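Data block below; observations after.
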Amino acid sequence: MKIKTNKINSANAQIEAQIPKEMIDANVEKIAKKLTKTASVQGFRKGKVPVAVVKKQYGERLIQDAEAEALREVLNKGLDELKIAMNSLIGEPNISNFVKNADNIEVTVKIAMRPEINLDNYKDMVDEFEKPVVTDEQVTERLEKIADSQGKFVDLKKKRAAKNGDSAIIDFEGSIDGELFEGGAAQEFALVLGSGQFIPGFEEQVIGMKIGEEKVVKVTFPENYGSDKLAGKEAEFKVTLHNIQEKEKVEIDDAFAEKLLAGQDDKSLENLKSQVKIQLENEALAKLYNEEMKPMLLETFVSKFNFDLPEFVVEQEIDVSLNKKASTMSEDEIKELREDAAKLEALRETFREDAQRSVRATFIIDALATAESVKVDESEVMQTIYYEAMQMGQDPRMAYDKYKEAGYLPAIQMSMVEDKVLTQILNSKMKEA
């Protein structure tokens, strides 16, 4: 068997071989002899089936198994010559050429290896920065919002016109060109003025109305409104204001703190302020990390670390992008690409740069995770999906199973690893203000 190897770079290699017909025949003979001991053929006792009968019974399958065994030998010998360990390979070897001739089989096997990334001084690429500062005024503002959310609406003690923030109890009936439309009417509806619950312009016209007053409110439905029948249409609403309720003011004191800190030992207002400050600091830090520092840090690593990329991984990433693009194209556009190989290839190439960057970033994060001892196991992925599902009012188990069946779990896990790694690196560079 002739073998020629070529280590293209540190991430890609190629093995070319000519497998003689004699080798395939010998493999067929060997596999057939093994089968004589286990094969069940009518008219013969188990273990006593002749080789010729086995060959006739399993013909094509024997040849396929013989070829597969020869290919394994090609791979093993090629890896030995290249001095590449089997466990350093990424994905399955790709048989890019397999031609059967009269006296041999010509085969080309492409293999990819995990890139070697030199992470020396990666932390020196990250500048120190000061932790975001939260002021007492911000703490007070957050407490006031919490207190406002705790307040209940009660009837006015002194009658007045409706104003922003009130709950207006109204009847309304909507029409377009004098015709009532479905879903445009309700009775004793509690509308918080200024909440933006109704279409633009409605709540503003209710402000200033008094109890018992009737009014025609004129509005225009937005162009992007959910109903095609209503989108962009001018409408009139006959509105009757039955009652006005205002929100009770909740005092920010120890009693307020005790209610919010139920179950904790320290229920003081000072402890509540301290916890709100920590929450605001975490929110400010998360915003800084997610919107600015993490994208910039990853971009820095991608531009600084230069290493060879496994070709097939890049090609897979390009195919993913191409499929996403195809999902937005018309049938005629897709047909044109199918009939024009050059145009299809040109389109594929437009995704190459982004694909290379994405693959580079993935391997960098993987290497950094090892350096930073960061891991995300399946239980953490499950907990994250469960939590997000519950936040959205979905069934957690069904959401997890849906992601699993769609094959999204590895991507979610990788995203969580990336978040953990970059957070850990940034935290090491953060200074107290």
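The table that follows gives values for the structure above.
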read-out: Cross-chain or 6+ apart pairs with Cβ under 9 Å, segment 74-88 first and in contact (Cβ under 8 Å) with a residue 24 or more places away in the chain, then assigned to a helix (DSSP H, G or I) and exposed (fewer than 11 other Cβ atoms within 10 Å of the Cβ); value: LEU75/MET86; LEU79/MET86
read-out: Selection within segment 268-294 - open to solvent by 60 Å² or more (accessible area, probe 1.4 Å) and not polar (S, T, N, Q); value: GLU270, LYS273, LYS277, ILE278, GLU283, LYS287, GLU291, GLU292
read-out: Test: residue in segment 40-50 that is within 17 Å of VAL99 (Cα to Cα), among the aliphatic types (A, V, I, L, M) and crowded, with 16+ Cβ neighbours inside 10 Å; value: no
read-out: Residues satisfying the stated conditions in segment 366-395, i.e. part of a helix (DSSP H, G or I) and closer than 29 Å to ASN118 by Cβ; value: ASP366, ALA367, LEU368, ALA369, THR370, ALA371
read-out: Flag if ALA326 is of a type outside the set (Val, Ile, Thr) and open to solvent by 70 Å² or more (accessible area, probe 1.4 Å); value: no
read-out: Options PHE312, PHE363, PHE256; residue that is surrounded by 12 or more Cβ atoms within 10 Å (Cβ to Cβ), touching a residue at least 60 places away in the same chain (Cβ under 8 Å), touching a Phe, Trp or Tyr at 6+ places or on another chain (Cβ under 8 Å) and part of a helix (DSSP H, G or I); value: PHE363
read-out: The lone exception for GLU214 - which of (1) exposed (fewer than 12 other Cβ atoms within 10 Å of the Cβ); (2) at pLDDT 90 or above; (3) within 42 Å of the chain's Cα centre (by Cα) it fails; value: (3)
read-out: Of all residues in segment 409-433 being without any contact (Cβ under 8 Å) to a residue 12 or more places away in the chain and loosely packed, with under 14 Cβ neighbours inside 10 Å, the one that is farthest from PHE129 (Cα to Cα); value: PRO410
read-out: Segment 259-288 - residue that is outside any helix (DSSP H, G or I) and of a type in the set (S, T, N, Q) and, of those, farthest from GLU144 (Cα to Cα); value: GLN264
read-out: GLU179 vs. criteria loosely packed, with under 14 Cβ neighbours inside 10 Å, over 37 Å from the mean Cα position of the chain (by Cα) and more than 19 Å from PHE153 (Cα to Cα); value: yes
read-out: Single residue of GLY165, GLY208, GLY194 found to be among the small types (Gly, Ala, Ser), open to solvent by less than 70 Å² (accessible area, probe 1.4 Å), without any contact (Cβ under 8 Å) to a residue 40 or more places away in the chain and within 25 Å of ASN243 (Cα to Cα); value: GLY194
read-out: Residue check for MET23: free of Cβ contacts under 8 Å to residues at least 12 places away in the same chain, touching a helix residue (DSSP H, G or I) at 6+ places or on another chain (Cβ under 7 Å) and not basic (Lys, Arg); value: no
read-out: Single match in ASN118, ASN87, ASN94 (criterion: among the polar types (S, T, N, Q) and surrounded by 12 or more Cβ atoms within 10 Å (Cβ to Cβ)); value: ASN94
read-out: Subset of segment 230-252 [open to solvent by 60 Å² or more (accessible area, probe 1.4 Å) and over 30 Å from GLU141 (Cβ atoms)]; value: LYS233, GLU234, GLU236, LYS238, HIS242
read-out: Hits in segment 131-145 (condition: under 14 Å from GLU432 (Cα atoms), over 30 Å from the mean Cα position of the chain (by Cα) and not β-branched (Val, Ile, Thr)); value: none
read-out: Test: residue in segment 184-193 that is more than 30 Å from LYS157 (Cα to Cα), over 38 Å from the mean Cα position of the chain (by Cα) and either of a type in the set (A, V, I, L, M, F, W, C) or modelled with pLDDT under 95 (or both); value: yes
read-out: Check on VAL41, outside any strand (DSSP E or B) and modelled with pLDDT of 90 or more; value: no
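The values are calculated or read from the model by the stated rules, or taken from the named source; none is laboratory data. Note that the structure is predicted; figures quoted are calculated from it, not measured. Here Cβ is always computed from backbone atoms with ideal geometry, including for glycine, and neighbour counts include all displayed protein chains. Heavy atoms of the whole protein, side chains included, go into the accessibility calculation; ligands, DNA and RNA do not. Shrake-Rupley method; radii C 1.70, N 1.55, O 1.52, S 1.80 Å.
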